[in-house]
Amino acid sequence: MDTVDARFKWLEANGEAQYIADRHYDGLLEGRFYRSTCSRGYIKAVNVPELPDGYYLFSAKDVPGTNRLPIVVPDWPAFADTEVRYIGQVILLLVGPDPLVLEQLLTQVSVEYEPLTPAYTVAQSKALVDGAIHNQDNLFDAHQIDKGDIEAGFAQAVTIFEETVTTGYQEHLYLETQGCVGYVADSKVVIEGSMQCPWYVYHCMSTVLGHQHIRVIQAPTGGGFGGKEDYPNIIAGPLAVAVNQLRQPIRVVLERREDIAFTSKRHPVEFHYRTGVDKHGQIVAMDIKFDLNSGAYFSLSGIVLQRAITTATNVYDIANVRIQGQAWCTNTVPTGAFRGFGSPQTCFCIESHMNHIAQQLGQAPLAFKQAHLLTNQSTTLTGASIFGELVITDLIEQSVSASQYLAKRAAYAAQSSQGAYRKGIGISIFQHGCGFAGDLEDTLVKAKVRLIKDQNEQVTILVSNTDIGQGLVLTFRQIVADTLALPLSQVDISVVDTDSVPDSGPTVASRSIVIVGYILEQAALALKQQWQVGEYQEIEQDYQKPSYHQWDQINYQGNAYQSTSYGVNVVEVEVDMASYEVKINDAWGCYDIGHVINEQIFNGQIDGGMVQALGYGAMEKLELNGEGVFAQKSMADYMVPTSLDVPRIQRSLVDNPYPYGPQGAKGGGELTHNGAASAFVAAVEQAVGQAFNRIPVTPEVIAQTLTNEPQANIKRIDVAEVTNEN
Amino acid sequence: MKIEFTLNQQPIAVDVDPMQTLLMTLRQDCGLTASKEGCNEGECGACSVLVNGQLVNACLLPIAQVSGNHVQTLEGLRQTEKGQCVINALLEAKGVQCGFCSPGMVLALYVLLEQHPQPTEQQVRTALSGNLCRCTGYSMIVDAAFIAATKGAGLW
Ligand code: FES
Ligand code: FES
């Protein structure tokens with residue numbers, strides 16, 4: 001059986017793949033958005049110049065259907081109508097043949113606002129100055145989980161640690177900016193574009209247009225990482241309105257600066273921990289509170305919140321826990337999906353907190369973590385038993401031996417504090433729940449796949465999951481070909497086009513392999529049984545929830561995810577003590593993703609995910625300025641790793657087949673982003689002998705921490721006399 | 001303004017604003033879309049082309065400065081044995097994920113191998129450092145350089 005396909009990505013490598021900006025359309029017009037320049041206020045008047053012939057303008061008044069995009073809840077207007085909630089919100093779409101004329105016309109538009117006091121931070125959101133932006137209290141969503149008895153847990157504590165750990169915004173910086181083209185074909189309004197979830201775009205278009213003569217086709221997509229989950233809707237909504245009316249092809253492709261400034265970002269988060277440790281050095285209680293800055297519209301924040309809450313204790317078995325998470329509305333760019341979806345934030349914060357407690361207790365961080373690991377007998381944070389075998393200890397063993405972690409950790413602890421260069425090594429342990437949260441695969445998504453076999457015995461896969469670089473189309477073909485015992489060349493996959501593919505759900509949440517791949521495997525098995533030589537055959541298969549999977553979406557009880565993947569990262573650094581430049585000398589990633597289907601493809605995910613996470617921890621600074629917009633405006637300001645900034649990643653796997661995944665596979669695409677930031681920071685902490693409680697840890701941050709008062713952030717309260725030995 | 005240059009070994013003349021970039025000229029006026037626009041301000045390398053054999057960001061170069069020079073894009077390079085050697089190596093190494101950086105990467109690898117037929121890891125990483133890739137974490141693209149060096153032995 002073939003396992004490699006030399007033609008895979010051949011068009012891309014030869015420069016022949018037609019991304020959306022590469023495509024030719026006869027009579028193509030260009031579209032440009034006029035965006036709000038006011039963070040918060042009411043629109044009093046919109047003044048537009050006289051338009052030359054062939055130029056058109058679209059606004060909320062032109063929406064034939066409903067001017068609210070149904071992302072999760074229908075709150076984000078296609079065009080701002082009465083109010084604006086952030087700088088960059090779309091108010092108008094200008095359309096015409098010449099981009100230069102469009103740019104000029106944009107400068108002649110003016111909007112009069114009645115401004116209100118904006119809220120950019122969670123604290124400002126809570127303060128409700130000039131009233132609430134959203135509902136009565138600016139609170140988009142809030143949940144709480146209680147496990148065990150938090151008060152009884154703290155009663156056993158001899159020491160309590162309080163710490164706040166925060167993570168910043170992160171920009172996807174997919175190399176291809178967002179873009180779509182709309183046109184009319186066969187009386188349907190068609191949108192083609194760079195996107196992860198064509199059926200999401202379909203539903204948004206049908207809402208704004210009020211009809212279903214629509215069609216959505218994915219173009220080759222130059223990276224997504226979650227960033228092309230919600231934002232293509234924001235482009236396609238207004239664009240569909242214009243195309244529906246003009247019946248001419250129109251293209252909207254964002255400029256890089258526009259993309260950085262206004263598309264969705266990773267949620268910044270602030271975790272507050274209060275952790276009780278008993279006289280044996282064991283954590284007996286954890287009280288966790290965190291706030292998410294969701295930006296101006298709810299978008300995907302509810303699901304990010306759910307993931308951050310249900311995985312808040314990461315891979316640790318803590319008897320008594322209370323977690324309260326809240327998502328707040330602010331007058332900033334809406335935050336959305338980014339690889340990991342709340343988990344990179346959670347994993348960084350808890351791993352850092354665990355490291356800092358260990359330091360305070362005079363224990364080695366790894367040993368301290370090992371003393372708290374989940375085991376096969378554990379009950380999860382959400383009250384479920386562990387399904388399948390946990391191999392976290394194998395992951396740790398493999399990582400420690402590959403990296404020589406213990407020996408290096410000891411050697412670097414003994415290095416001179418006066419050296420011009422100082423080394424450090426750090427380790428992180430983490431998890432990622434695969435698929436939609438809880439049992440939403442069953443109650444909400446209800447994925448469906450189709451296989452077609454033609455008279456020439458050629459099989460075609462029809463699914464709505466998109467290849468945005470992660471190599472999905474090859475892995476899908478491999479699953480079906482292996483099941484049918486066919487050569488790879490006999491299995492094709494259809495372009496994702498809502499006219500032909502069923503809705504197998506969005507390309508998000510590390511669900512494509514474990515959920516959709518498994519349904520495909522089932523469909524291929526069914527086809528194999530019914531195979532009739534020379535006949536055209538069609539097989540449809542629906543998702544079925546495994547019987548062990550129980551979930552209560554109201555109380556967050558049960559299996560928080562259908563399956564969970566695990567990983568361990570080790571990062572080794574060397575810090576120049578004069579400039580505080582950090583060189584990442586080595587990085588190891590060891591993973592349990594069940595059984596890997598195509599190791600080379602997954603290795604690409606390990607490399608890419610870990611390098612993004614190293615960027616997240618070390619250099620990717622994105623901050624709001626006083627006007628509620630990002631201070632970093634271009635690729636020169638927002639820095640991501642280059643080939644010189646990162647080492648070769650040393651990768652390994654522990655095989656642990658999952659019975660409800662294709663060939664035993666679980667999800668893995670997001671997992672790879674969850675751990676490296678924390679391992680990096682732990683390494684820098686060892687090197688410079690200071691704790692950090694926020695990322696990114698840039699040379700400036702190190703310099704500040706070492707030269708100013710060190711931020712003794714973790715607060716230690718000894719309560720031995722009060723509660724112990726009674 | 002009429003500007004003449006050599007494009008992929010063929011003489012060509014375009015009549016455009018002299019300040020228009022080479023990238024825009026290639027993509028819009030010449031219909032060559034292998035060179036991508038990732039930032040349009042010289043930061044990402046997606047628009048990489050060769051001008052007189054040197055790797056340049058086509059988004060920074062006004063077309064007037066190209067007058068009389070030799071421009072090679074991936075459309076030209078992929079027709080050559082060396083070009084195909086690099087492309088095949090990149091595919092074999094699985095150094096293409098979303099593919100948006102790939103045309104620029106192919107050109108950067110080609111220039112590297114022309115200069116260093118047996119490059120070290122550091123030479124490869126330095127040669128690629130002007131080309132951003134957000135998907136691969138670079139190692140597999142680095143591997144492609146070694147594969148192309150080995151498989152293309154005698155070519156370089
Ligand atoms: S498009 Fe030219 S360097 Fe980015
Ligand atoms: S493969 Fe996507 S940017 Fe390089």
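Using 17 Å as the cut-off for backbone N distance, which residues of region A:331-350 belong to the label zone defined by a point 7 Å from the Cα of A:Ser378 along Cα→Cβ?
Residues A:343-344, A:346-350 fall inside that zone.
Rounded to the nearest 100 Å², what's the accessible area chains B and A bury against each other, both chains counted, probe 1.4 Å? Don't skip to the end; give the middle numbers.
Values: alone 7830 and 26760 Å², together 30740 Å².
That pair hides around 3800 Å² of surface in total.
Could you work out, for region B:2-73, what percent of all Cα-Cα pairs fall into each 5 Å distance bin, beginning at 0 Å and stopping at the bin that holds the largest distance?
That works out to 4, 19, 32, 30, 12, 2, in percent per bin.
Quick one: net charge around A:Val84, please, counting Lys, Arg +1 and Asp, Glu -1 for every other residue with C-beta under 10 Å from its C-beta. Write down the numbers at each step before the final one.
Values: positive: A:Arg35, A:Arg40, A:Arg85; negative: A:Asp81, A:Glu83.
Result for the local shell: +1.
Between A:Thr393 and A:Leu28, how high is the FRET efficiency from 1/(1 + (r/R0)^6) when r is the Cβ-Cβ distance and R₀ = 56 Å? Nearest 0.05. The partial results should precede the final answer.
On the way: r = 58 Å, r/R0 = 1.04.
Once rounded, the FRET efficiency stands at 0.45.
Could you tell me what a quarter of the Cα convex hull surface of region A:564-703 works out to, in nm² with one decimal place? Let's see the in-between values first.
Working: hull surface 40.0 nm².
If I average the Cα hull's projected area over directions, I get 10.0 nm².
State which entries of A:Lys423/A:Lys621; A:Lys369/A:Lys408; A:Lys446/A:Lys666; A:Lys265/A:Lys369; A:Lys448/A:Lys528 exceed 21 angstrom in Cα-Cα distance in the structure shown. Please list the in-between numbers first.
Values: A:Lys423/A:Lys621 23 Å; A:Lys369/A:Lys408 18 Å; A:Lys446/A:Lys666 18 Å; A:Lys265/A:Lys369 31 Å; A:Lys448/A:Lys528 18 Å.
Correct reply: A:Lys423/A:Lys621; A:Lys265/A:Lys369.
Please check region B:133-149 for residues whose accessible area, probe 1.4 Å, is lower by 10 Å² or more when all protein chains are in place than in their chain alone.
Flagged in region B:133-149: B:Arg134, B:Cys135, B:Thr136, B:Gly137, B:Tyr138, B:Ser139, B:Met140, B:Asp143.
Given chain B, what count of lysine pairs have C-alpha atoms under 26 Å apart, with each pair 8 or more places apart or on different chains?
Numbers: B:Lys2/B:Lys36; B:Lys36/B:Lys82; B:Lys36/B:Lys94; B:Lys82/B:Lys94; B:Lys82/B:Lys151; B:Lys94/B:Lys151.
Lysine pair count for chain B: 6.
What FRET efficiency would be calculated for the residue pair A:Ala636, A:Ala371, taking the C-beta separation as r and a Förster radius of 45 Å, to the nearest 0.05? Write down the numbers at each step before the final one.
Working: r = 46 Å, r/R0 = 1.02.
For R0 = 45 Å, the calculated efficiency reads 0.45.
Quick one: if you stick a label point 7 Å off each Cα along the C-beta vector at A:Glu540 and A:Gln650, how many nm between them?
Once both label points are built, they end up 5.2 nm from each other.
Might you tell me the accessible area per residue for region B:40-80, computed with a 1.4 Å probe and given in Å²? Can you show the working numbers first?
Working: 1570 Å² over 41 residues.
Accessible area per residue: 38 Å².
Could you check the simple spin-label distance between B:Thr150 and A:His595, using points 7 Å along Cα→Cβ, in nm with one decimal?
Placing both labels 7 Å beyond Cα along the Cβ direction yields 2.9 nm.
Counting only protein heavy atoms, what percent of the accessible surface of region A:25-146 is carbon or sulfur at a 1.4 Å probe?
Values: 2860 of 5660 Å².
After summing per-atom areas, the C and S share lands at 51 percent.
What FRET efficiency would be calculated for the residue pair A:Ala185, A:Gln458, taking the C-beta separation as r and a Förster radius of 25 Å, to the nearest 0.05?
On the way: r = 26 Å, r/R0 = 1.05.
So the FRET efficiency works out to roughly 0.45.
Over chain A, with the other protein chains present, what is the accessible area per residue in square angstrom, probe 1.4 angstrom? Write out the running numbers ahead of the final one.
Values: 24880 Å² over 726 residues.
I get 34 Å² per residue for chain A.
Checking understanding here: applying a Kyte-Doolittle mean of at least -0.5 and a length along the axis of at least 20 Å (C-alpha), which whole DSSP H helices in chain A pass?
Working: long enough: A:227-246 (29 Å, 0.18); A:343-361 (27 Å, -0.18); A:599-618 (28 Å, 0.05).
Those that clear 20 Å and a mean of -0.5 are A:227-246, A:343-361, A:599-618.
The values are calculated or read from the model by the stated rules, or taken from the named source; none is laboratory data. What you are looking at is a predicted structure, and each value in this text was computed from that prediction instead of being measured. Note that we place each Cβ from the backbone using ideal geometry, even for glycine, and neighbour counts take in every protein chain shown. Remember, those area values only see protein heavy atoms, side chains included, never the ligands or the DNA or RNA. Shrake-Rupley method; radii C 1.70, N 1.55, O 1.52, S 1.80 Å.
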